Amino acid sequence: MTPDLLHARAVTRRHFFQTSGLGFGALALNSLMADDLKRPMIPARAKRVIYLHMAGSPSQLEMFDYKPELQKLHLKDAPASFLEGKRFAFIKGVPKVLAAQFKFAQQGQSGQWMSELMPQLAKVIDKISVIRTVHTDQFNHAPAQLFVHTGSPRLGSPSIGSWATYGLGSTNEDLPGFVVLLSGGKTPDAGKSLWGSGFLPSVYQGVQCRTTGDPVLYLSDPKGMDRVMRRRMLDAVAKMNEAEHARSGDAETLTRIAQYELAYRMQTSVPDVMDISKEPEHVLKLYGAKPGYVSPAETSTDDVRVLYKGDDPTFANNCLLARRLIENGVRFVQLYDWGWDHHGSSPGESIDETLPIKCQQIDRAISGLILDLEQRGLLDDTLIVWGGEFGRTPMMQNNVRSDLKKGFVGRDHHPYAYTMWMAGGGIKGGVALGQTDEFGYYPVENPVGIRDLQATILHQLGLDPYRFHFSYQGLDNRLIGPTNEGKVLKALLA
């Protein structure tokens with residue numbers, strides 16, 4: 001069998017109709033087929049997702065998982081049960097137990113425990129479902145991030161945003177279905193593979209946008225080329241690509257045509273959507289946003305963590321942009337905020353000093369996002385997800401220093417139990433799912449795996465996590481993997 005024939009057989013019916021519909025000779029077919037191919041598989045509660053990933057992984061023991069028993073063991077040698085048979089990224093020998101570094105109190109009518117670090121989020125805690133027993137089998141950043149977002153700790157699988165847009169598409173033909181925004185001064189450890197399309201057609205990969213300058217690199221016309229000339233160039237390139245597709249049968253050639261066309265339309269649509277200066281002052285204040293602000297942490301080549309300031313509005317700007325994007329039809333918006341890896345080994349990465357700064361950066365922004373979506377009638381069908389790739393240990397990290405020193409208090413990676421939360425999109429508010437043991441080490445009630453989270457997100461979008469797949473290399477590949485271990489978290493569903 002020739003390579004061309006093998007490729008033709010590998011193209012799915014869904015892929016064929018989507019990509020062929022993007023050729024200039026088949027626009028009418030694409031219009032007729034779009035609604036049929038992109039409707040939910042099951043009743044949907046969410047139309048869109050805003051996923052807030054804190055890259056590096058925040059300490060659940062300083063934010064959401066109140067463990068007063070740790071105070072009794074504070075700075076004592078960790079029990080053998082904490083260490084036997086365990087692998088740690090950095091801890092050596094016998095570390096000291098570390099109590100929570102901040103005060104906790106019960107918040108809202110639901111009485112959920114929260115630390116003093118998130119006072120604004122505490123005001124909307126009754127709109128949130130907190131999951132305290134998330135666990136993973138990865139304890140290094142890049143594999144754990146890939147596992148959360150692609151369902152595999154290895155490179156090559158599509159991100160959850162790509163899966164969502166493959167299944168549901170975008171409701172605005174002038175904007176990408178999947179947009180990524182970054183803050184914190186660095187890209188997450190796993191890099192841009194976190195929003196890659198993997199083995200899905202590349203038209204479904206995430207589009208990274210910037211908050212200053214050109215929203216998308218190289219989107220503007222080159223010097224000396226006006227929009228009319230750009231149109232003529234794209235038409236010529238499209239004819240060459242269509243001829244190549246007729247010769248090779250490579251569906252990615254049609255995808256490239258579609259991407260060029262989308263980029264052309266984005267030249268006018270994206271700058272308008274990304275301009276938060278059009279928002280009224282009370283909305284900017286709600287988020288803590290500042291149009292046009294460029295953070296030193298976003299431009300420095302030094303260790304950006306020492307430049308962090310609590311009033312840095314970069315993440316807030318991205319939260320406001322996320323609302324504007326989903327309001328304009330974007331299906332999946334992913335915010336990655338770097339700087340949550342608080343080992344306490346070097347300046348700018350401590351639990352006692354850096355964590356409060358990072359919490360201040362996100363606190364008003366996230367509560368503002370929830371309130372803004374609610375007042376616009378968008379929260380009911382917009383799913384918000386917050387969390388990192390794993391948690392932090394109940395013990396102090398000791399590979400650099402074993403004493404408790406101001407500005408150098410840290411915890412190691414902890415895959416066995418950590419906290420995430422969801423809000424909106426058909427999720428109950430004021431729910432606390434799961435319980436960890438008295439030290440926050442293991443789940444003792446309602447453990448939640450990564451595939452459970454993924455199954456729940458797909459389910460809320462109307463995509464059956466067990467049937468929703470893409471055929472590749474002889475397998476019906478799914479986000480939740482080849483088994484049915486991923487369970488929809490029905491206790492969270494409204």
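The values are calculated or read from the model by the stated rules, or taken from the named source; none is laboratory data. Here the structure is a predicted model, which means the values were calculated and not measured. All Cβ positions, glycine included, derive from the backbone under ideal geometry; neighbour counts span all protein chains shown. In case anyone asks, the SASA skips ligands and DNA or RNA and just uses the protein heavy atoms, side chains included. Shrake-Rupley method; radii C 1.70, N 1.55, O 1.52, S 1.80 Å.
Numbers for the structure displayed
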{"item": "Pairs where the first residue, in region 97-109, is in the same structural domain as Leu83 (by TED's automatic domain parsing) and in contact (Cβ under 8 Å) with a residue 40 or more places away in the chain and the second is in a loop (DSSP other than H, G, I, E, B) and crowded, with 16+ Cβ neighbours inside 10 Å, C-beta under 6 Å, 6+ apart", "result": "Val97/Leu73; Val97/Ala78; Gln101/Ile351; Gln101/Asp352; Phe102/Leu117"}
{"item": "Region 309-365, residues that are acidic (Asp, Glu), open to solvent by less than 30 Å² (accessible area, probe 1.4 Å) and out of contact with any strand residue (DSSP E or B) (no Cβ under 7 Å at 6 or more places or on another chain)", "result": "Asp312, Glu349, Asp363"}
{"item": "Elements of type strands (runs of 3 or more DSSP E) contained in region 396-494, each with 1 or more residues being farther than 30 Å from Leu379 by Cα", "result": "411-414, 443-445, 470-472, 475-477"}
{"item": "Unique match (being of a type in the set (S, T, N, Q) and open to solvent by 10 Å² or more (accessible area, probe 1.4 Å)) among Ser162, Ser183, Ser157", "result": "Ser157"}
{"item": "Some residue of region 373-395 being farther than 18 Å from Leu61 by Cβ, open to solvent by 10 Å² or more (accessible area, probe 1.4 Å), of a type outside the set (Gly, Ala, Ser) and touching a Phe, Trp or Tyr at 6+ places or on another chain (Cβ under 6 Å)", "result": "no"}
{"item": "Checking Tyr418 against (1) out of contact with any strand residue (DSSP E or B) (no Cβ under 6 Å at 6 or more places or on another chain); (2) assigned by TED's automatic domain parsing to the domain that holds Pro153, the condition it does not meet", "result": "(1)"}
{"item": "Residue list for region 75-112, filter: among the hydrophobic types (A, V, I, L, M, F, W, C) and exposed (fewer than 15 other Cβ atoms within 10 Å of the Cβ)", "result": "Leu75, Ala80, Val94, Ala105"}
{"item": "Residue within region 381-395 that is of a type in the set (Phe, Trp, Tyr), closer than 23 Å to Gln71 by Cα and over 18 Å from the mean Cα position of the chain (by Cα) present", "result": "no"}
{"item": "So Lys127, is it surrounded by fewer than 20 Cβ atoms within 10 Å (Cβ to Cβ) and either among the hydrophobic types (A, V, I, L, M, F, W, C) or on the phi < 0 side of the Ramachandran plot (or both)", "result": "no"}
{"item": "Test for Tyr442: is it at pLDDT 95 or above, of a type in the set (Ser, Thr, Tyr) and open to solvent by 10 Å² or more (accessible area, probe 1.4 Å)", "result": "yes"}
{"item": "Residue identified as modelled with pLDDT under 85, among the hydroxyl-bearing types (Ser, Thr, Tyr) and assigned to a helix (DSSP H, G or I) among Thr255, Thr301", "result": "Thr255"}
{"item": "Residues (buried (at least 16 other Cβ atoms within 10 Å of the Cβ) and part of a helix (DSSP H, G or I)) located in region 281-298", "result": "Val283, Leu284, Leu286, Tyr287, Ala297, Glu298"}
